[in-house]
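Since the structure comes first, as structure tokens, the remarks are kept for the end.
Quick note: the coordinates plus some simple rules give every number you see, no bench work behind them. Nothing here was measured: the structure is a model prediction, and the numbers come from that model. Neighbour counts run over all protein chains shown; Cβ positions are idealised from the backbone, glycine included.
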Amino acid sequence: MSSNLLAIKTLRPAIVSASLPVAQKRCLKLYRNALRSVPVIIQYYNLSYNVSEMKQRIRADFEQYSNITDKTILDRVAFIGETELFDAVSLLKTRSHVVNYFEEQITPAKQLSEGEDLLKKFFAKI
Amino acid sequence: MLSRSFKSLVQIQRPVLMAGQSSMIRSFSSDHRLSEKEVTDRILEVISKYDKCAGKSVSPSDTFKELELDSLDSADILVAVEEEFGIEIPDEEVDRITSVKDTISYIRKTPTAK
């Protein structure tokens, strides 16, 4: 319990970035920190993945949000990522949380076919 | 007379302890930074091992953009370089590094790189 409280107290506040480039830099910083903590996570949670596999999974996670151009959304995503990483390296997660993260495959957002897109536009007007 | 003989005794004994080892001792005043050639070779090896650079010829004058690497790729490469040299590049420096040349010059001026 006490370690939990300590972790919550030392969590960073929800930072609001001044501009879009600042928010993007924040995300790159998070990405570097995530890559650096891969060996630590393997050791803490006794994982049997390849380092390169795990790095690819983290990268897929970041590429998923690569087309965000809204500063506030980027800040929100970065904050979630920072918190998750912090929890993982502070041993606030259990092994199954971490395994679930690395087992889950990210599928790219489904491209709507022409007909579906047309229907969507049609229903949006109603 | 007595002091001279005592001195000679000490002088004879002292070098015996160090004999043959002088080449294994590194003086801390000497310049132990890595040579430019070694740094360049090791960095080029790290970069050419990266997936997206496989099959490309990487030269020290290339920027990451010329190698068709995006921001995540360059972060990947810098983390690999950090692991190779056993250092951690601070965030404000990472923003300034945009080419192979920048990486080499940063490692060259970092005394803890090994």
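Of note:
- Cα Rg, Dmax (largest Cα-Cα span) when computed across region A:2-125, Å: 17.7, 57
- Mean sequence separation of contacting Cα pairs (under 8 Å, at least six apart), scaled by the length of region A:2-125, corresponds to a relative contact order of 34 percent.
- For A:I126, A:I58, order by how many other beta-carbon atoms lie within 10 Å, fewest first: A:I126, A:I58
- Of the complete DSSP H runs in chain A, those spanning 15 angstrom or more by Cα along the long axis with a mean Kyte-Doolittle score not below 0.0 are A:71-89.
- Net charge over other residues, Cβ less than 15 angstrom from the Cβ of B:T63 (K, R count +1; D, E count -1): -2
- Contact order for region B:33-114, expressed relative to its length and based on alpha carbon pairs under 8 Å spaced 6+ residues apart, stands at 42 percent.
- Within straight-line cross-link reach of A:K29, lysines at Cα separation under 17 Å, skipping those fewer than 8 residues along the same chain: A:K55, A:K71
- The simple spin-label model puts a point 7 Å past each Cα toward its Cβ; for A:L119 and A:L91 those points are separated by 5.2 nm.
- Electrostatic dipole magnitude of region B:33-114 [Cβ: Lys, Arg +1; Asp, Glu -1; Cα centre; debye, to 20]: 440 debye
- Under 11 Å, Cβ to Cβ, from A:E84 - net charge with Lys/Arg +1 and Asp/Glu -1: -2
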